[in-house]
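J.: Before I ask anything, let me first share the structure, which is written out below as structure tokens.
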Amino acid sequence: MRVELVKTSGFCFGVRRAVRMVEEVLRRADGPVYTLGPLIHNPQMVAYMEKRGAKVVGLQEGLPPGVVVLRSHGVAPQVKEALVAQGHRVLDATCPFVRNAQMYARSLWEEGYKVVIVGKRGHEEVEGILGYTEGNAEVIWEPKEVMSLGELNRVGIVAQTTTPFEIFSLVVRELLRRARHLKVYNTICDSTVKRQEETVALARRADVMIVVGGRNSANTTRLVEMCCELGRPTYHIETARELRREWVEGACLVGVSAGASTPDWIVQEVLENLNLWSEGGK
Ligand code: F3S
């Protein structure tokens, strides 16, 4: 049995950067350190960070002032202001690619465009981008939703960074039919696209796919769905402990992929277990 890992598996640039920022502030800070919501969608990593002193908080009143780290998804500017007003120091770990989407949304809104965000309503990143237009943007996901937008004249579009390109281009095409003047910023991050493409390419060749990552991680779940859509037996696990030998018995090639918020040490443990089995170990 051979085990092959998708090269782009695991932390993306923005998540790695956010984790490093928290580690750095934990080393230096002499007061409380908080993250606004779980830093990443990975329970094991969040538990590890909490153990080291980074407490997960919401926007509640009455916390002793400290350093609050904003996660890579970003937040609305109003949230940042509220934290500062509560006496905290804010360390902004918003991914620079998400920051671009926020800035483009703001400039489109200030220039008088009707802003359309192609993304999932309610997702933290989308809520943050929405905040940069003071709530004055439309969030749509399906091309048919364009019909509900009423009269369209000047329309400006940005995307949630993890939106599949096909969905983005279909919405843009639909808007092109309806709006007189269209300004499009493609703010999709290609790290997600590359990981998905490589995972699908491996899943086509593999007998079994193991996808590692938080069950609350949308991008990990999407990888699982994509492998299943190919008809490949696929198992979604959070840690090596969940692996079952019978899943890979008789397989010639086992493919492993991991979401953008899965730490390297968890992926390594999974690989070590699988390699042990491939060598005939227990
Ligand atoms: Fe940033 Fe792309 Fe990751 S937007 S957080 S590098 S998936």
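The values are calculated or read from the model by the stated rules, or taken from the named source; none is laboratory data. The model shown is predicted, which means the values in this text are computed figures rather than measured ones. For neighbour counting, all protein chains shown are included, and Cβ atoms are generated from backbone atoms with ideal geometry for every residue, glycine included. In case anyone asks, the SASA skips ligands and DNA or RNA and just uses the protein heavy atoms, side chains included. Shrake-Rupley method; radii C 1.70, N 1.55, O 1.52, S 1.80 Å.
J.: At a 10 angstrom cut-off on C-beta neighbours, averaged per residue, how do the peptides 33-39, 141-147, 18-24 rank from highest to lowest?
T.: The most tightly packed comes first, giving 33-39, 18-24, 141-147.
J.: Hey, could you grab the Kirkwood Rh for segment 97-184? Inverse mean 1/r over distinct alpha carbon pairs, Å, one decimal.
T.: Across segment 97-184, the inverse of the average 1/r is 12.5 Å.
J.: Provide the packing ranking of 43-56, 179-192, 114-127, i.e. peptides ordered by the mean count of other C-beta atoms within 10 Å per residue, highest first.
T.: Order by mean packing, descending: 114-127, 179-192, 43-56.
J.: Also, quick follow-up: Residue 137: net charge of surrounding residues, Cβ under 15 Å, Lys/Arg +1, Asp/Glu -1, itself excluded?
T.: Residues close to residue 137 contribute a combined charge of -1.
J.: Rolling a 1.4 Å sphere over the protein heavy atoms, what is the accessible area per residue of the chain, to the nearest Å²?
T.: Result: 48 Å² per residue.
J.: Let me see the pair-distance distribution of the chain: every alpha carbon pair, 5 Å bin width, integer percents in order.
T.: Result returned by the calculation: 1, 6, 12, 14, 15, 13, 12, 11, 8, 5, 2, 1, 0, 0.
J.: Take peptides 81-91, 95-105 and line them up by average Cβ neighbours within 10 Å, highest first, as a rough protection proxy.
T.: Averaged packing, sorted descending, gives the order 95-105, 81-91.
J.: Kindly express, to the nearest 10 degrees and within the range 0 to 90, the angle between helix 190-205's C-alpha long axis and the longest C-alpha principal axis of the chain.
T.: Helix 190-205 sits at roughly 30 degrees to that axis.
J.: Something else now. Among 177, 27, 245, which one moves the most in a GNM of the chain with springs linking Cα atoms closer than 10 Å?
T.: 177
J.: Suppose accessible area is computed on protein heavy atoms with a 1.4 Å probe; arrange 277, 265 from highest to lowest.
T.: Result, largest first: 265, 277.
J.: Let me ask something else. Per the helix-only calculation at 222 nm, which mean residue ellipticity applies to the chain, given -39500 (n - 2.57) for every DSSP H run of n ≥ 4 and division by its residues, nearest 500 deg cm²/dmol?
T.: One gets -13000 deg cm²/dmol as the mean residue ellipticity at 222 nm.
J.: Shape of segment 164-204 from its Cα gyration tensor (a ≥ b ≥ c, root eigenvalues): rounded if a/c is under 1.5, otherwise prolate when a/b > b/c, or oblate?
T.: Oblate, because a/c is 1.5 or more while a/b does not exceed b/c.
J.: Please list the non-local residues whose amide H lies under 5 Å from the amide H of residue 39, H modeled 1.01 Å from N, same-chain partners needing a gap of 5 or more.
T.: Amide H to amide H, under 5 Å and 5 or more residues apart or across chains, residue 39 pairs with nothing.
J.: Follow-up. Sort out for me the Cα centre separation of segment 252-282 from segment 2-23, rounded to whole Å.
T.: 15 Å
J.: What is the distance in Å between the Cα centroid of segment 47-100 and that of segment 111-183?
T.: If you average the Cα positions of each part, the centres end up 27 Å apart.
J.: Using a simple spin-label model with points 7 Å from Cα along the Cα→Cβ vector, what separation in nm is obtained for residue 268 and residue 176?
T.: In this crude label model, residue 268 to residue 176 measures out at 4.7 nm.
J.: Across 5 Å bins from the origin, how do the percents of Cα pairs in segment 13-95 run, short distances first?
T.: Calculated P(r), rounded to whole percents: 3, 16, 30, 26, 18, 6, 0.
J.: Please list 3J(HN,Hα) in residue order for segment 38-44, calculated via the Karplus relation 6.51 cos²θ - 1.76 cosθ + 1.60 where θ = phi - 60°; whole Hz, with x for glycine and proline.
T.: Running phi through 6.51 cos²θ - 1.76 cosθ + 1.60 with θ = phi - 60° gives x, 4, 9, 7, 8, x, 5 Hz.
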